1. Per residue, how large is the accessible surface of the chain? Use a 1.4 angstrom probe and give square angstrom.
2. Taking LYS250 as the anchor, which lysines have their alpha carbon closer than 22 Å to its alpha carbon, excluding any fewer than eight residues away along the same chain?
3. Determine the calculated [θ] at 222 nm for the chain from helices alone, applying -39500 (n - 2.57) to every DSSP H run no shorter than 4 residues and normalising by the residue count; nearest 500 deg cm²/dmol.
4. When ranked by the protection proxy of mean other Cβ atoms within 10 Å per residue, highest first, what sequence do the peptides 695-704, 507-516, 301-310 form?
5. Contour minus end-to-end for ASN580 and SER139, with contour as 0.36 nm per residue of separation and end-to-end as the Cα-Cα distance?
6. Would you calculate the volume per residue, in Å³, of the smallest convex hull containing every Cα atom of the stretch 337-470?
7. Mind listing the phi-derived Karplus ³J(HN,Hα) values for the stretch 515-524, rounded to whole Hz, using 6.51, -1.76 and 1.60 with θ = phi - 60°, and x for any glycine or proline?
8. LYS594: which lysines have alpha carbons under 20 Å from its alpha carbon, excluding same-chain residues fewer than 8 sequence positions away?
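The values are calculated or read from the model by the stated rules, or taken from the named source; none is laboratory data. What you see is a predicted model; the values in this text were computed from it and never measured. In this analysis, Cβ positions are derived from the backbone assuming ideal geometry, glycine residues included, and neighbour counts consider all displayed protein chains. The protein model used for the area step is the full one, side chains on, heavy atoms only, and it has no ligands, DNA or RNA in it. Shrake-Rupley method; radii C 1.70, N 1.55, O 1.52, S 1.80 Å.
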Amino acid sequence: MRGGMAITAALVVVAAAAESRWAELGREITYDGRALVVSGARRMFFSGDMHYARSTPEMWPKLIAKAKNGGLDVIQTYVFWNVHEPIQGQYNFEGRYDLVKFIREIQAQGLYVSLRIGPFVEAEWKYGGFPFWLHDVPSITFRSDNEPFKQHMQNFVTKIVTMMKHEGLYYPQGGPIIISQIENEYQMIEPAFGASGPRYVRWAAAMAVGLQTGVPWMMCKQNDAPDPVINTCNGLICGETFVGPNSPNKPALWTENWTSRYPIYGNDTKLRAPEDIAFAVALFIARKKGSFVSYYMYHGGTNFGRFAASYVTTSYYDGAPLDEYGLIWQPTWGHLRELHCAVKQSSEPLLFGSYSNFSLGQQQEAHVFETDFKCVAFLVNFDQHNTPKVEFRNISLELAPKSISVLSDCRNVVFETAKVNAQHGSRTANAVQSLNDINNWKAFIEPVPQDLSKSTYTGNQLFEQLTTTKDETDYLWYIVSYKNRASDGNQIAHLYVKSLAHILHAFVNNEYVGSVHGSHDGPRNIVLNTHMSLKEGDNTISLLSVMVGSPDSGAYMERRTFGIQTVGIQQGQQPMHLLNNDLWGYQVGLFGEKDSIYTQEGTNSVRWMDINNLIYHPLTWYKTTFSTPPGNDAVTLNLTSMGKGEVWVNGESIGRYWVSFKAPSGQPSQSLYHIPRGFLTPKDNLLVLVEEMGGDPLQITVNTMSVTTVCGNVDEFSVPPLQSRGKVPKVRIWCQGGNRISSIEFASYGNPVGDCRSFRIGSCHAESSESVVKQSCIGRRGCSIPVMAAKFGGDPCPGIQKSLLVVADCR
């Protein structure tokens, strides 16, 4: 314990010395018990996670601009060790891995940066962000008080910090980085390491602070983060679950407010309602005096290549405020934008005012922040079913079910979490090119290895998969010869294979005999038990073991094992004959991968056949070309007709696909696959797929993605939008991507029935509704219509609460 106290005291001294030096330069970033303090001023920050490696440099400027317009102050990103140092000592900061360029773009748009160096990141990312070569370092134990691990971790963290300093990117140097993170949710696994865990936490904090960046460090989900490192919260409801800062001198920061659930193959998409997100944010600010909230993710993007973790889809957090393609996801983006505006206009009492809280009822409470001149109140209703009336400072208010009302000056409601006035939007995938011309397709059948003498490795045991492949490919062939004697009788036998990989394809004498796959939430073991025919004499059994991503979390990750564990053959009534210790051959990767046949150069290295001459084979490569769709809309491939594999465009992998693994709804977890326009040329784009489970490439289409329908639904008692500074509620709709409002599908001022998905005219309806809306909106990129009787020629039905519902098309 004394050692821990001594380290903490030393950290504080180091941090204080660094702060003093930066302060002399006129720019410093510190913190106190209420907030991060930027050049002497407390700040209320809204942040959004956006990962440079999950988008492209061509996308970054627009993504950042939309985040800023959504009310964000900070862009938060992980740093991915395995993209920057894929080979020990060889670094890559080019293209979409250009971290400096990404940070400079954020700075150019006037935003700050929260840099989560980790270097363990989890993030549903391959191997949690660790490069696989780390696995092979002798005597290493990840994320523990282990000298080999600490040496390599310190080397990488120092490399990143030195780069940021050299580029002048820390705030005291004039840059945008205001805070950094070391480690990531370590408390979740710390008990597994015993006494080594706390020692590692103290070491990681000391190492980070000792780098003297001039900005604070944080640890998320680490309640005992050593001073001066700030402990922060990750989760859905940090206003309820966060234990709070572990020192009265540290602010309450929320590093991950999950905007949806990351999708996995075999599951349906789970979106989070904007009302729920807004409620959670307002509660954190009210209950915990929170002053920093980061949305995870604000833009999820795409898991290009093989970077998705086990069973995670290629699309990542598509339901975030900015979707996978960078389109604004409404109404989430707009509802949170209104919340940000409401909170920021009361920054003074939130950051400097006295705080009090008291009950308003059995499931209702008030949180008040007040200075001599300013006041803001958060009135909370936890009841999910009822609309209670409460009395607050001589004001009678109705609180919607599960809602928080924000009262500016403790009198005027400026935002209600449960009332969404932001526009809704509907996204459309428009098929612009069908790839159904059989003459434009070529195929190459992946050879099934039969000859042990040509194996990459051989051994009298079953090899662990990732150790053998170094996680450079999803595929590992296990090949063995089995001698069948006439005296064994029945030529029909059972093949039994147990594996810790994710998919298994089995071939006997070059004939396909079966497949099996696992799932994210299912048992770790997958078992294939299938009939096969044997010939007399030598029979070759070729087993293709497939990983759908590597693990991204857990204690002792370096000890995790994958691949085939048991292989046996049973004939008739004889006992099972185990082949585990027979002579096995191993071929790493597919033949087509080795020859890079997904590139323009590699495609000429094999003999392709016309697809109409193809005899079905479960392992087949396909190639064709297509033209780039005109315009600026996002481009996707619709792969609904395919099975499982990986797809490349002009040599760039746009990720794994697995549309044959259906979710409980009967639909694929993902069927549209994003092709960034930065990957494309005007024409003759080379498309290559490797298919493991059949599929029909002739049904693939090239699609463009855009928001084609927008809708607003606002009642006359709604809070007016804060950005308009008006006193009348309004329906505000606008089109994205330079499109204009081309038609009005529906318009009704009165008491329309339904919502933006299903609607009809109610018993009260102003006949002028459609003409008024058309005059205000047609031909424009956006329009705003006041929800008031005078706009529609008078009150169509006095005494009835009225609203305006508008549905418009964007083309």
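1. I get 38 Å² per residue for the chain.
2. LYS221, LYS288, LYS289, LYS344
3. It lands at -5000 deg cm²/dmol.
4. Per-residue Cβ counts within 10 Å, averaged per peptide and sorted highest first, yield 301-310, 695-704, 507-516.
5. Gain in length upon complete extension: 156.0 nm.
6. In the stretch 337-470, the Cα hull volume divided by residue count equals 328 Å³.
7. For the stretch 515-524, the Karplus-derived couplings read 9, 8, 9, x, 8, 4, 9, x, x, 5 Hz, x marking Gly and Pro.
8. Counting by Cα, and skipping residues close in sequence, LYS594 has these lysines nearby: LYS442, LYS454, LYS470, LYS623, LYS644.
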